[in-house]
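*Asks:* Below are the C-alpha cells for one structure; questions will follow.
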Amino acid sequence: MSAPLRSTFFIAAAATVAVAALAPPLDRLADVSFAWHMLQHLVLFYLVTLLVLVARPFDLLRHFGGKRATAAVARASRPLHALASPVIALTVFVAILWTTHVSPLYELALERPAVHVAEHGLYVIAGLFFWLPVLTVPPLRPQSYPARLLYLVVALPQCALLGMVIASARRPLYPHYVAASGSLQAALTDQGNAAALMWILGGAVVFTALLVTLGRWAQREREPRVTHVAI
C-alpha cells in the first residue's frame, strides 16, 4: 500500500470510529449510563487519536502539498518537539484524565452540551499527547526506546488508580446518572462498571503499547548493523 493511500485509509478509519462513538446509539447510551460514557471516552482518547497518528498526516502533506508547504509546516511544528516530550505528554495526559473525572466538570458536561463538546475535545487532545512520545510521527524527532518504555511504565497505573478511586466511592459521583437510572443502587452498579472499564480496558491499551514498544526495540537490536571500514 502506498504512503498516501495508507494515510487516507487510517484517516478515514479515525473519522468513522469518531462518528460511531459520538452518534447514536452509543451517544444515547452514554447519556444515561456512566459505563457507556466511559467506553465512549476511551474510544476517543485511545483509538481515534491512535488512528490519526498512525495515518502519519505529515506524509500525506509531503506527497500532495509540495516542498514549500511541507517546509512551512515543519518549521511551524518545531514547538511540538518540546510538547511531545514524555514529561509534558504525561503531565497533560494525567491532568486531563483526573481533572475531568474528579472535578465538577464531568457533571457540568452532562448537563450542558457545549461543555460536553469541549470535554470531548480535551480527550482528543490528551490522547494525541499520550501517543506522541510512543509513535513520534514525522516531523517530530523519535524518542529513544528506553524513554518510551519508561514513559509507558509510568503511564500504566494511571487508569487503574482512577478506576480504583471511582470504584471505591460509596455514593454515585454524578447525580445525572442517579436521575437517569432511577435508583441509587442502579447508579452505583453502573459506576462500578465504568470503573472496571477504566481500570481494565484503559490499562490493557497502555500495557499492549508497552509490549509492542518492547518488541520493536528487541527487533531493532537484532537487525544487523552495517559498519564502514576505512581502507
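The values are calculated or read from the model by the stated rules, or taken from the named source; none is laboratory data. Just so it is clear, the structure is predicted and the values come from calculations on it, not from any experiment. Don't worry about glycine lacking a Cβ; one is built from the backbone with ideal geometry, like all the others, and counts go over all protein chains shown. These area figures cover heavy atoms from the full protein model, side chains too; ligands, DNA and RNA do not enter into them. Shrake-Rupley method; radii C 1.70, N 1.55, O 1.52, S 1.80 Å.
*Asks:* Give, as a single signed number, the net charge of other residues whose beta carbon lies under 14 Å from the beta carbon of Arg216, with Lys and Arg counted +1 and Asp and Glu -1.
*Replies:* That sum, taken over residues with Cβ under 14 Å, equals +1.
*Asks:* Would you tell me the accessible area of Val17, worked out with a 1.4 angstrom probe on the heavy atoms of the protein chains, in Å² to the nearest 10?
*Replies:* The value for Val17 is about 40 Å².
*Asks:* I would also like to ask the following. Apply the Karplus parameterisation 6.51 cos²θ - 1.76 cosθ + 1.60, with θ equal to phi minus 60°, to every residue of the range 185-200 and state each ³J(HN,Hα) to the nearest whole Hz, in sequence, with x for glycine and proline.
*Replies:* 5, 5, 5, 5, 5, 4, 5, x, 5, 5, 4, 5, 4, 4, 5, 7
*Asks:* Along the principal axes of its C-alpha atoms, what lengths does the chain span, in descending order and rounded to whole Å?
*Replies:* Projected onto the principal axes, the Cα atoms of the chain cover 82, 35, 31 Å.
*Asks:* Could I ask something else about it? Given points 7 Å out from each Cα along the Cα-Cβ axis, report the Ile88 to Arg112 separation in nanometres with one decimal.
*Replies:* Going from the Ile88 label point to the Arg112 one covers 2.9 nm.
*Asks:* How large are Rg and Dmax for the range 130-204 when calculated on the C-alpha trace, in angstrom?
*Replies:* 17.4, 52
*Asks:* Then there's this: Output the peptides 156-162, 35-41, 103-109 sorted from most to least packed, where packing is the average of other Cβ atoms within 10 Å over each peptide's residues.
*Replies:* Ranked from most to least packed, the peptides come out as 35-41, 156-162, 103-109.
*Asks:* Based on DSSP H runs of at least 4 residues, each adding -39500 (n - 2.57), what is the mean residue ellipticity at 222 nm of the chain after dividing by all its residues, to the nearest 500 deg cm²/dmol? Walk me through the numbers on the way to the answer.
*Replies:* Numbers: 14 runs with 178 residues, N = 231.
Only helices count here, giving -24500 deg cm²/dmol.
*Asks:* What is the packing order of peptides 45-55, 186-196, taking the mean over residues of other C-beta atoms within 10 Å and listing the highest first?
*Replies:* Those peptides, ordered most packed to least, come out 45-55, 186-196.
*Asks:* Leaving out ligands, DNA and RNA, and with a 1.4 Å probe, what % of the accessible surface on the range 75-210 is carbon or sulfur?
*Replies:* 73
*Asks:* Determine ³J(HN,Hα), in whole Hz, for all residues of the range 132-141 in sequence, where each value follows from phi through the Karplus function 6.51 cos²θ - 1.76 cosθ + 1.60 and θ = phi - 60°; x replaces Gly and Pro.
*Replies:* Karplus values, whole Hz, x for Gly and Pro: 4, x, 7, 8, 6, 6, x, x, 6, 6.
*Asks:* Using the Karplus curve 6.51 cos²θ - 1.76 cosθ + 1.60 with θ = phi - 60°, what ³J(HN,Hα) values do you get for each residue of the range 102-109, in whole Hz, with x for Gly and Pro?
*Replies:* 10, 10, x, 4, 5, 5, 4, 5
*Asks:* Report relative contact order for the chain in percent, whole number only (criteria: Cα-Cα under 8 Å, sequence separation at least 6).
*Replies:* Once divided by the residue count of the chain, the mean separation gives 24 percent.
*Asks:* Heads up, I need the accessible area for Ile11: 1.4 angstrom probe, whole protein in place, Å², nearest 10.
*Replies:* Rounded to the nearest 10, the figure is 70 Å².
*Asks:* Leaving out ligands, DNA and RNA but keeping every protein chain, what accessible area does Arg56 have, in Å² rounded to the nearest 10, with a 1.4 Å probe?
*Replies:* Only protein atoms counted, so the area is about 80 Å².
*Asks:* Could I ask something else about it? Obtain the nm distance between the two label points defined at Val212 and Ala186 by a simple spin-label model: each point lies 7 Å from its Cα along the Cα-to-C-beta direction.
*Replies:* Once both label points are built, they end up 3.8 nm from each other.
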